[in-house]
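Notes follow once the structure below has been shown.
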Amino acid sequence: MENDRSVRRLTALQQSASTARVLNLTAIHRKHGSDPAFFEAPFFTHRLLDRSIILKHRLRPHEYSLFATPKPTATKILIPIDNEDLKAGAHYVFVGQRDFEAVLQAVFGDDLRPGTRDRIVLDLIDSLPSLDPFLLREQLRRHEIEPARIYFGISEADIQRMFDFVREQITSLVALSAKEGSAGSSAGAGRLVEKLLSNRPEDGFEPLKTTLKLSDKEYLDGVFAWRGFLYYKWQLEELRGGIAEVALEISSIAPRGARDPEAAQYLPEARQRIRAAVGQAISRVQALLDVYNKAYLDLTVGGKTLGFRDFLLTAPGMFTELGECLGGVQHIISFWRYRFPAGKTRLISPSELMDVFLDFEDSLIVAPKDALTWVA
């Protein structure tokens, strides 16, 4: 692993919770101390890896050569040199980089060889477009891996709101796929939601598979991506108010402390780039969700199966882009609100704010200056 001393923003991660872009296992261990759940149901069984920080990292041009086939976003594993002080830096490796297997062997021995439990978890993390805790938990549960809930920070209230949203969304599908009553059956919709959000959601939609004439793999991949679309649709609704609030705060925050010439030059343009990039991301998320909305309406209102079949076939690919776009926005909203709770005085130095903005730009596709601004 290399020593990632160039990222001063590690110190910001030390103070933050996990987000859609960051799985901060170091902070989780610090917060929950010696909770027995860490031993009864660990995220990673390897002690060092279970105290790592995992990022969805947007690759910079100079990092493309690390991969045989470059991709926009990679999964980055950070092993802090000192878990109590991230200013000391961290060693890091990208999942799938050219010498990945050799690095894992050197650091972890045989504990992360292909097929081991921890390697399976790592590969599943890499397969997701974001580290959103709900989808991460569901992806692991889908493969019968269930780390303790303290690793995810999902409240019962969050789960219930998600359940209620999905129930409302698929009520019209009850009669078509489950044959459990009329299109307005709340109980039938509830049972269908339970199936969709279960470890094996595909079991509850077998009639749909037959109707749409899909192979087993097409069906399994499509239903999982469909579940992801519904989750991200719910997330967008949950984020809308926060997007407007954080947009205003990012525009107006005035750092305090000693003047930093580098930060003074960087901050004004960074504010505009972040606003533009978030606007572009939200617009793209909505465009992808509209593909699903149209296909679903064609199926449930118009009785046209071809459009929904096409959606399930293309959903896995769109799901990746959807997660990357919305994940960056989720990261900004959750990180900002964790760092600056609503109603509290926002105190930060110019250099610290620069680090925060640099982190935000890393999580988004940076837009040109004349691009879209934030939308709420």
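Just a few scattered comments:
- When each of 277, 287 is tested for being surrounded by 15 or more Cβ atoms within 10 Å (Cβ to Cβ) and among the aliphatic types (A, V, I, L, M), the lone residue that passes is 277.
The rows are residues; the columns are (1) touching a helix residue (DSSP H, G or I) at 6+ places or on another chain (Cβ under 7 Å); (2) modelled with pLDDT of 85 or more; (3) surrounded by fewer than 19 Cβ atoms within 10 Å (Cβ to Cβ).
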site	(1), (2), (3)
3	no, no, yes
32	yes, yes, yes
40	no, yes, yes
47	no, yes, yes
66	no, yes, yes
70	yes, no, yes
77	no, yes, no
85	no, no, yes
102	no, yes, yes
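- Residues of segment 317-355 satisfying the condition of being part of a helix (DSSP H, G or I), out of contact with any Ser or Thr (no Cβ under 8 Å at 6 or more places or on another chain) and under 17 Å from residue 243 (Cβ atoms): 322, 325, 329, 333, 336, 337
- Note on segment 219-235: residues that are surrounded by fewer than 20 Cβ atoms within 10 Å (Cβ to Cβ) and over 18 Å from residue 136 (Cβ atoms) total 1.
- Among the numbered conditions (1) surrounded by fewer than 18 Cβ atoms within 10 Å (Cβ to Cβ); (2) farther than 18 Å from residue 348 by Cα; (3) not hydroxyl-bearing (Ser, Thr, Tyr), the only one that residue 260 does not meet is (2).
The values are calculated or read from the model by the stated rules, or taken from the named source; none is laboratory data. In this text, all values refer to a predicted model and were calculated from it rather than measured experimentally. Positions of Cβ are backbone-derived with ideal geometry, glycine not excepted, and every protein chain shown enters the neighbour counts.
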